[in-house]
Amino acid sequence: MAYRTWEVLLGAAVMIVAAVFVVFALRTTGTTLTQTTGYPLHATFRSAEGVRTGTEVRLAGVKIGTVTALALNPQTFRAELTIGVDPEIQLPLDSSIQVASEGLLGGVFVEILPGGDFENLAAGDTFQDTQSAVSLIALLLRAFTGSGDGEEAAQ
């Protein structure tokens, strides 16, 4: 079978448009094909609900890293999180880390709140101050029942 010239040109045009679309999608979402993990830091949470490998780590609303590993410690029953932070960002030793939500219907991200210590966290260090994810159902129960833990107080 012989292909007509216009069929070959049409196929080439479709491939070019597809490549342009892929480049556009990668640039607008901030996705990169090369994974720069930065230096690792660790944190443990009572609940890391909604956090997955690849979840953004933000400081002042700006992405400075990603979650690189998430596991359950079978002895403490706490979620152990490893994040990769941009090597140019040096975090004070007393910084805190928390699981935050973008809103009621938004996604989850990990937020770092910088401290004021003169010494910085080094690769492999662990955050001492962590705040777990807040369950939306627990918040609603607290709002409607007026109790702190969702259970009725026995009197």
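None of the figures in this text is laboratory data; all of them are computed from the coordinates on show. On a predicted model such as this, the values are computed, not experimentally measured, just so you know. Counting neighbours? That spans all protein chains shown, and the Cβs are built from the backbone with ideal geometry, glycine included.
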Per 0.36 nm of contour for each residue apart, how much would the distance between residue 145 and residue 8 grow if the chain were fully extended, relative to their Cα-Cα spacing? 42.5 nm
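At a Förster distance of 35 Å, what's the computed FRET efficiency of residue 128 paired with residue 101, Cβ-Cβ distance as r, to 0.05?
Once rounded, the FRET efficiency stands at 0.95.
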With contacts defined as alpha carbon pairs under 8 Å and 6 or more residues apart, what's the relative contact order of segment 52-110 in percent? 29 percent
If the chain between residue 19 and residue 108 were fully extended at 0.36 nm per residue, the gain over the current Cα-Cα distance would be 29.0 nm
Label-point separation, residue 117 to residue 27 (7 Å along Cα→Cβ), nm: 4.2 nm
With a ≥ b ≥ c taken as the square roots of the eigenvalues of the C-alpha gyration tensor of segment 39-143, please select rounded if a/c is under 1.5 and otherwise prolate if a/b is larger than b/c or oblate if it is not? prolate
